[in-house]
Amino acid sequence: MFDNLNLDRETFSVGQVIFHIGEPGDCAYLIEQGCVEVCVGTGEGERRVSTLQAGELIGEISLIDRQPRTATVRAMQETTLVPIRRALLEELLDKTDPVIRHLLRVVLERFRTTQTSLTPDLVDRLSIQFEYQQPQGKLYESAAHSLTLSQDIAYALISNQFEMHYQPICKLADKKVVGFEALIRWQHPQFGMLSPMEFLGLAEQTGQIRGIGLWTLEHACRDWGQLQKMVESEDAFVSVNLSANQLTSPLIVEDMKAILHRHQMDITSLKLELTETVIIGRPEIASQILGQLVQLGMRLALDDFGTGYSGMEYLQRYPIGTLKIDKAFITPLLESEQSQQIVRSTIDLAHSLNLDVVAEGIETEATRDALIELGCEYGQGWLFGQPTKLTNNS
Ligand code: C2E
Ligand code: CA
Ligand code: CA
């Protein structure tokens, strides 16, 4: 059993009603543990039409069409539910293809028309048609997992479950720390420590990435006072990764200014790491926002260089000062002639454009030596330090 106190869950005892027929419904529920019965009709005429168990969804119809509940749902055992709130669902629906939205509406309308004409007697005769289709297969499981996780993200943001870890970026020649990259982690009460790859994609889809992005900036700026003391460079910085959804509104510039002001941090000490995919979505607005930020003194790094489409174009179009070579090219550097060629020409290109180069994923002294040989000045990787949490910070 996991610790319910740290999650947005609701628990019901045997016989307890989760919702009544006719009530307004602003919440659907994913059954995490236990079992419920779904009943239509009222009073003497109430009839059970199905039972649902862990992994299944209840109350989703009212949530979507804003009509009153069409059934009464009651716990048959001690039951734990993950509430899926309307705001989250609407955000997901907004991002859905309009055709799918329309189809969903038609299906719901049909469902309601059929259901309201059902008397308990009819239910009896038609009960076979009314039997709940058991959701099956990986697709359903992954959809249920995503719903749970996105609900948990909303709660994690307000209950301090995210952590910021910092990884040093060093000068290759003398290993002196020149800055840090902020990397988010999620201490999930049920699933343990989650890496950003396990939840950021979903947060992008639901739009929750905007909240996470602000959280990230707030914490990196808050921690800057402490980080700064560990840097041995005039040009010290902390870099923060930016997601595509964060560059869709110019309001981000004001948000960033407010955060920097709150923590009395100089804008020149903050570096933003962007990937090509961040820019690709809406290039005009991205370039407008980035232009404003650079004018204010912020620095930009192009992340995962070499893994995208055509890095060259972005280097010309955006005011980028640093190029980060993806670890996919650094890991095989010693064995692969091809990787060496790519890394060498990337470094030469960057230098010809007056850009700094940071090589990612350096794990051994031999790789560091090879990169120095190729003319790379900066690096990041386990050789210098893993991402770690600052002590005495929440
Ligand atoms: P990234 O920006 O390319 O970050 C570098 C990743 O490489 C990090 O993974 C880091 O832990 C890992 N790494 C560093 N040195 C080594 C090494 O020597 N060997 C190996 N094998 N790995 C190394 P992490 O922390 O799992 O982050 C994954 C990605 O998630 C990041 O890739 C970044 O794109 C994204 N991310 C992390 N934190 C944030 C955040 O706060 N906001 C946003 N938008 N994205 C984030
Ligand atoms: Ca990065
Ligand atoms: Ca990277």
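The values are calculated or read from the model by the stated rules, or taken from the named source; none is laboratory data. Just so you know, these numbers come straight off a predicted model, no measurement behind them. Every residue, glycine as well, gets a Cβ built from its backbone with ideal geometry; the counts of neighbours run over all protein chains shown.
Taken over the stretch 37-60, the criterion of being in contact (Cβ under 8 Å) with a residue 40 or more places away in the chain, hydrophobic (A, V, I, L, M, F, W, C) and under 19 Å from LEU147 (Cα atoms) is satisfied by LEU52, LEU57, ILE58. I need the full set of residues from the stretch 156-188 which are assigned to a loop (DSSP other than H, G, I, E, B), over 14 Å from the mean Cα position of the chain (by Cα) and either of a type in the set (Phe, Trp, Tyr) or surrounded by 17 or more Cβ atoms within 10 Å (Cβ to Cβ) (or both), in order please. Selection gives LEU172 alone.
Residues in the stretch 219-267 that are among the polar types (S, T, N, Q), more than 13 Å from ligand 1 (Cβ to nearest atom) and either under 23 Å from GLU360 (Cβ atoms) or in contact (Cβ under 8 Å) with a residue 60 or more places away in the chain (or both): GLN226, GLN228, SER233.
Taking the stretch 253-305 as the range and being of a type outside the set (D, E, K, R), part of a strand (DSSP E or B) and crowded, with 21+ Cβ neighbours inside 10 Å as the test, the residues that pass are LEU270, LEU272, LEU274, ALA301, LEU302, PHE305. Within the stretch 262-288, track down each residue that is under 23 Å from ASP326 (Cβ atoms) and more than 19 Å from the chain's Cα centre (by Cα). Once the filter is applied, which keeps residues that are under 23 Å from ASP326 (Cβ atoms) and more than 19 Å from the chain's Cα centre (by Cα), the stretch 262-288 yields LEU270, LYS271, PRO283, ALA286, SER287. With respect to ILE320, determine if the residue is among the aliphatic types (A, V, I, L, M), surrounded by 14 or more Cβ atoms within 10 Å (Cβ to Cβ) and within 24 Å of GLU360 (Cα to Cα). Judged against the criteria, ILE320 is a match. Taken residue by residue, the stretch 231-244 has at least one member that is more than 16 Å from ligand 2 (Cβ to nearest atom) and small (Gly, Ala, Ser). Within the stretch 344-394, the set of residues being more than 15 Å from ligand 1 (Cβ to nearest atom), among the polar types (S, T, N, Q) and either touching a residue at least 40 places away in the same chain (Cβ under 8 Å) or in a loop (DSSP other than H, G, I, E, B) (or both) comprises THR346, ASN354, THR391, ASN392, ASN393, SER394.
Of note, ARG368 satisfies the criterion of being over 20 Å from SER239 (Cα atoms), in contact with a strand residue (DSSP E or B) (Cβ under 8 Å, 6 or more places away or on another chain) and of a type outside the set (S, T, N, Q).
Out of curiosity, is GLY306 more than 21 Å from LYS175 (Cα to Cα), within 14 Å of ligand 2 (Cβ to nearest atom), at pLDDT below 95 and within 28 Å of the chain's Cα centre (by Cα)?
Details: more than 21 Å from LYS175 (Cα to Cα): yes; within 14 Å of ligand 2 (Cβ to nearest atom): yes; at pLDDT below 95: yes; within 28 Å of the chain's Cα centre (by Cα): yes.
So GLY306 fits the description; yes.
May I ask you to verify whether ILE285 is within 16 Å of ligand 1 (Cβ to nearest atom) and not polar (S, T, N, Q)? Answer is no for this residue.
Tell me, yes or no, whether the stretch 72-92 has at least one residue that is among the small types (Gly, Ala, Ser) and part of a loop (DSSP other than H, G, I, E, B).
Restricting attention to the stretch 72-92, the residues satisfying the condition of being among the small types (Gly, Ala, Ser) are 75, 87.
Now restrict to residues that are part of a loop (DSSP other than H, G, I, E, B): none.
No.
Considering only the stretch 49-61, I want to know if a residue exists there that is part of a helix (DSSP H, G or I), more than 30 Å from GLN161 (Cα to Cα) and among the hydrophobic types (A, V, I, L, M, F, W, C). Spell out the reasoning first.
Restricting attention to the stretch 49-61, the residues satisfying the condition of being part of a helix (DSSP H, G or I) are 60-61.
From the residues that got through so far, the ones that are more than 30 Å from GLN161 (Cα to Cα) too are 61.
Keeping just the survivors that are among the hydrophobic types (A, V, I, L, M, F, W, C) gives 61.
Yes, some residue in the stretch 49-61 is part of a helix (DSSP H, G or I), more than 30 Å from GLN161 (Cα to Cα) and among the hydrophobic types (A, V, I, L, M, F, W, C).
Of everything in the stretch 312-343 that is part of a loop (DSSP other than H, G, I, E, B) and aliphatic (A, V, I, L, M), the residue that is farthest from ligand 3 (Cβ to nearest atom) is LEU334.
Among the conditions (1) touching a His at 6+ places or on another chain (Cβ under 7 Å); (2) among the β-branched types (Val, Ile, Thr); (3) surrounded by 15 or more Cβ atoms within 10 Å (Cβ to Cβ), the only one that THR388 does not satisfy is (3).
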